[in-house]
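Input: a single structure, listed below in structure tokens.
The values are calculated or read from the model by the stated rules, or taken from the named source; none is laboratory data. It should be emphasised that the depicted structure is a prediction, and the values quoted were computed from it without experimental measurement. Please note: Cβ atoms are built from the backbone with ideal geometry, for glycine as well, and neighbour counts cover all protein chains shown. The protein model used for the area step is the full one, side chains on, heavy atoms only, and it has no ligands, DNA or RNA in it. Shrake-Rupley method; radii C 1.70, N 1.55, O 1.52, S 1.80 Å.
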Amino acid sequence: MLVVDDIPAILRAIPRLAGAQVSPLSGGITNHNYRLEVGEDCYVLRIAGENTAELGIDRGREHACAVAAANWGVGAEVVAYLPQRQALVTRFVAGRVLQSEDAARPDVLARAAAAIATLHAGATFPGTFSPFSVIADYVQLARHNQVALPDRLYEALRSIDDLKAKAGDDDARCPCHNDLLPANLIDDGMRIRIIDWEYAGMGNRFFDLGNFAENHDLSAEQECDFLRAYFGREEPSALRRLRAMRKVSALREATWGFAQAGISRLDFDFFRYAEQHLQRFFRVASC
């Protein structure tokens, strides 16, 4: 895919981007991202990486979820979507991209909880997301592409049924992001907005909560503070469910890395990334 060669055609298709100054954006290990500047206005162009449909990403669904999230005030404004070029343009969100250590600040933790709670209270998203199904799909994809999977992965996979029972699944499905990495949250000091809706769909809120906790290295005390901020009260069984999904999140990220090691052409060590998250799975506190 000659991504850079696609950009002039994309800009011609969107009148407001005529004459835009284009510069690559760092970050992201699935897609190609560019900053577009037109006068005082700034946008982000994201062109999908190759083979991302094999990871369960539906670009039409992603677009619909991004539009909904923007309407609810938790996402960036969607400017254009060009399905034939796998391109999405959003307005640039000013603010600080979170680092994992930012969650140690109570004010940031409270803003993150508020953003996630607003998302979960939204109307229906298209599609569904189950981390357990996704993990199984990624393992199968990695095997199909002859990725050498470590023995410790199979050890981790044997705990899936136990984790599923501890996480619980008795809540009504709600809109979920399912990829709450620090790089996907932008804080302007007043509110946090969430970007990159590739894995969004109707799901279990506790996967988002555990995913956030895992990706931001929350301590035991911070887990409790985060849950109180999210629910507005003490919620029985919430900590157990969050911790179960925190382990599921680490395992999902590991299997995603192993799957990417077999299909991606990006210059990134996905196998090492997967190994790191597999190690994190075994370090997460027991439920």
Residue, surrounded by the most Cβ atoms within 10 Å (Cβ to Cβ), within region 182-201, restricted to residues that are within 16 Å of VAL78 (Cβ to Cβ) and among the aliphatic types (A, V, I, L, M): ALA200
Residue in region 1-30 that is surrounded by the most Cβ atoms within 10 Å (Cβ to Cβ), counting only those that are in contact (Cβ under 8 Å) with a residue 60 or more places away in the chain and not in a helix (DSSP H, G or I): THR30
Count - residues of region 160-174 that are within 23 Å of the chain's Cα centre (by Cα), open to solvent by 50 Å² or more (accessible area, probe 1.4 Å) and within 12 Å of LYS247 (Cα to Cα): 2
Number of the condition not met by VAL134 [criteria: (1) out of contact with any Gly (no Cβ under 8 Å at 6 or more places or on another chain); (2) under 24 Å from GLY27 (Cβ atoms); (3) in a helix (DSSP H, G or I)]: (1)
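For (1) open to solvent by less than 50 Å² (accessible area, probe 1.4 Å); (2) touching a residue at least 60 places away in the same chain (Cβ under 8 Å); (3) closer than 28 Å to GLU50 by Cβ, each residue gets a yes or a no:
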{"site": "PHE212", "(1), (2), (3)": "yes, yes, no"}
{"site": "ALA220", "(1), (2), (3)": "no, yes, no"}
{"site": "GLU235", "(1), (2), (3)": "no, no, no"}
{"site": "LEU242", "(1), (2), (3)": "yes, no, no"}
{"site": "TRP256", "(1), (2), (3)": "yes, yes, yes"}
{"site": "ALA259", "(1), (2), (3)": "yes, yes, yes"}
{"site": "ARG272", "(1), (2), (3)": "no, no, yes"}
{"site": "GLN276", "(1), (2), (3)": "no, no, yes"}
{"site": "PHE282", "(1), (2), (3)": "no, yes, no"}
Output for region 106-141, where each listed residue is over 20 Å from PHE212 (Cβ atoms) and either aliphatic (A, V, I, L, M) or in contact with a helix residue (DSSP H, G or I) (Cβ under 6 Å, 6 or more places away or on another chain) (or both): ALA123, PRO126, GLY127, ALA136, TYR138, VAL139, LEU141
